[in-house]
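A short worksheet on the structure shown next.
The values are calculated or read from the model by the stated rules, or taken from the named source; none is laboratory data. Computed from a predicted model, the values in this text were never measured in an experiment. Glycine also receives a Cβ, built like all others from the backbone with ideal geometry; neighbour counts cover every protein chain displayed. When the accessible area is computed, the model is the full protein with side chains, heavy atoms only, and any ligands, DNA or RNA have been set aside. Shrake-Rupley method; radii C 1.70, N 1.55, O 1.52, S 1.80 Å.
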Amino acid sequence: MNVWTTRGNMDIEAQKRAAGEAAIEFVEDRQVIGVGTGSTVKYFIDALAKIKHRVDGAVSSSEQSSKLLREYGIQVLDLNAVGTIPVYVDGADECDGARHLIKGGGGALTREKILAAAAQKFVCIVDAHKCVDVLGGFPLPVEVIPMARSYVAREIQRRGGMPVWRTGCVTDNGNWILDVHGLRIDDPEKLEADWNQITGVVTVGLFAHRPADVVLVGNGRRF
Ligand code: 5RP
């Protein structure tokens, strides 16, 4: 899947750029930066390239972001060699007022959750249409071990969701994704904890136990 492609109009595109560029203020000299995936993050990477002499490298959440970082001459490092990362910048598909997120529209949710967990500060960059009162309008991505796909789908149906197999999508980890429609997520922490217990689930694309620390919206709002 080409996660650089946007589905919006020029206003949304301008907001993505503004949010991506705004995140540069969180980058300090001689740091290794955590870098996420998606069309909003691409603007952050473009801006990061302009100050690349100031940073020690990046840890990336996808092969696609790693490729772009390398093309810009930014060294891509292994998280195991880096340890804690001071700041992680990534987009989201939906964000509520408590900075809980739905992520994984670009299929990179597992590595994104690992980077968010390892980050001291998680900076989320979005355009305004991603901000919602209640999560669930965007189908919730769930990465699954391929042989468990139908079992996990039945378990999700039992919990009231409508899973759709994202055909043709194989994650960077060699797994598959179910996009779960028809949800109204009133208690994101509970749903994340419960669904994480379904055998065969690798990652639920709900970032509630580890929400963003700050959300930069492309219209200038931040919270
Ligand atoms: C990738 C993600 C992305 O951050 C999310 O899909 C937002 O992407 P975009 O900035 O292209 O709208 O979670 O797995």
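For R17, the shell of other residues with beta-carbons less than 12 Å away shows a net charge of -3, using +1 for Lys and Arg and -1 for Asp and Glu.
According to the calculation over all Cα-Cα pairs in the chain, the P(r) per 5 Å bin from zero is 1, 8, 16, 20, 20, 16, 11, 6, 2, 0, 0 %. Annotation: extensible slack from K121 through D133 equals 2.0 nm (criterion: 0.36 nm per residue apart, minus Cα-Cα distance). Between the amide H of I125 and those of D90, G91, A92, L216, distances stay under 5 Å, these residues lying 5 or more places away or on another chain, with hydrogens modeled in the peptide plane.
Taking label positions 7 Å along the Cα-Cβ direction at both H181 and S150, the computed distance is 2.1 nm, reported to one decimal.
If you count Lys pairs in the chain whose Cα atoms are under 15 Å apart, skipping same-chain pairs closer than 8 places in sequence, the total is 8. Summed over qualifying helices (DSSP H, 4 residues or more, each -39500 (n - 2.57)) and divided by its residue number, the chain shows a 222 nm mean residue ellipticity of -8500 deg cm²/dmol.
Here the chain is assigned +1 on the Cβ of each Lys and Arg and -1 on the Cβ of each Asp and Glu. Its dipole about the Cα centre then comes out at about 220 debye.
Computed with a 1.4 Å probe over protein heavy atoms only, the accessible surface of the chain comes to 44 Å² per residue.
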